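Written out below as structure tokens is the structure these notes cover.
The values are calculated or read from the model by the stated rules, or taken from the named source; none is laboratory data. These numbers come from a predicted model, not from an experiment. When we count neighbours, we look across all protein chains shown, and the Cβ atoms used for this are built from the backbone with ideal geometry, even at glycine. Ligands, DNA and RNA are excluded from the accessible area calculation, which covers all protein heavy atoms including side chains. Shrake-Rupley method; radii C 1.70, N 1.55, O 1.52, S 1.80 Å.
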Amino acid sequence: MEKKIGKTRHRKYDAQFKEEALKQIENGQSVSSVAQALGISEALLYQWRKRSAGSPMGNTAEVELLRKQIKQLETESGYFKKSLNHFQPLAVKEMYQFISEQRKDYPLQKLCNVLGANRSSYYDYRNGKTYTTSAVGQTEMKQVSELFSLHRRRYGSRRLSKALQQKGMRIGRFKVRRLMKP
């Protein structure tokens, strides 16, 4: 038996060669027979098969096409999200009108999620319910803001609700908290 002196050379196999070898195994030939026919080790074939299980080697063109489509969709959604910062309407009616216009192109759930709107509120708007605050709501808001400024903006919702209740107003702390929000 001859001994090899020096470095052994590792052969590199291209993707097409690996693909053909794995196809032969998939068609029912044994790993040892394919390895013997191609002049490679069985361990190498097992490695290739293990690596190809995670990624589709045979569909490289299809995978590349899907990657391009994903990239295009990500950029399109990025444009929409970026323009949203400039668009964000102060009036709720404008936002609901925009949703009504875009509903034919996009699902309602997606539009509401992206714009930060409630679906039920959109349906209320569509069915004609108004969003003007009632006279009672305006007086409550006025009293909360007056009491808040009277106490030098130091009272929280709990203390404000107790103070308003002592004045004879029927109001809870969660409503006070909601009215305090800008």
Notebook entry, point to check: Tally Lys and Arg at +1 and Asp and Glu at -1 over the other residues with C-beta under 15 Å from the C-beta of Y122: what net charge comes out?
Noted result: +4
Item checked: Rounded accessible area of L66 (nearest 10 Å², 1.4 Å probe) -> 90 Å²
Check: Cβ under 15 Å from A43's Cβ, A43 left aside: what net charge do those residues give with Lys, Arg +1 and Asp, Glu -1?
Finding: +4
Next item on the list: List every residue whose amide H lies under 5 Å from the amide H of R103, counting only residues 5 or more places away in sequence or on a different chain, with H placed 1.01 Å from N in the peptide plane.
Entry: none
Item checked: Cleavage-rule hits, trypsin sites (Lys or Arg not before Pro), region 97-172, DSSP coil, Cβ neighbours within 10 Å at most 12 -> K104, K129, R152, R153, R154, K167, R170
Margin query: Please list, ordered by chain and number, the residues whose modelled amide H lies under 5 Å from the amide H of I171; skip anything fewer than 5 residues away on the same chain.
Written below: none
Next item on the list: Can you figure out the FRET efficiency of L150 with N118, using R₀ = 30 Å and their beta-carbon distance, to the nearest 0.05?
Entry: 0.35
Check: With every protein chain in place, what's the accessible area of S41 (1.4 Å probe, Å², nearest 10)?
Finding: 60 Å²
Next item on the list: Can you figure out the FRET efficiency of K181 with D105, using R₀ = 30 Å and their beta-carbon distance, to the nearest 0.05?
Entry: 0.35
Note to self: Distance between the C-alpha centers of region 32-49 and region 123-182? Whole Å please.
What the structure shows: 77 Å
Checklist line | Unit Cα scatterers, Debye sum, region 113-157: log10 I(q)/I(0) for q = 0.20 Å⁻¹ | finding: -0.76
Check: Can you work out ³J(HN,Hα) from phi for every residue in region 91-101, in order, using Karplus 6.51 cos²θ - 1.76 cosθ + 1.60 and θ = phi - 60°, giving whole Hz and x for Gly and Pro?
Finding: 8, 5, 4, 4, 5, 5, 5, 4, 4, 4, 5
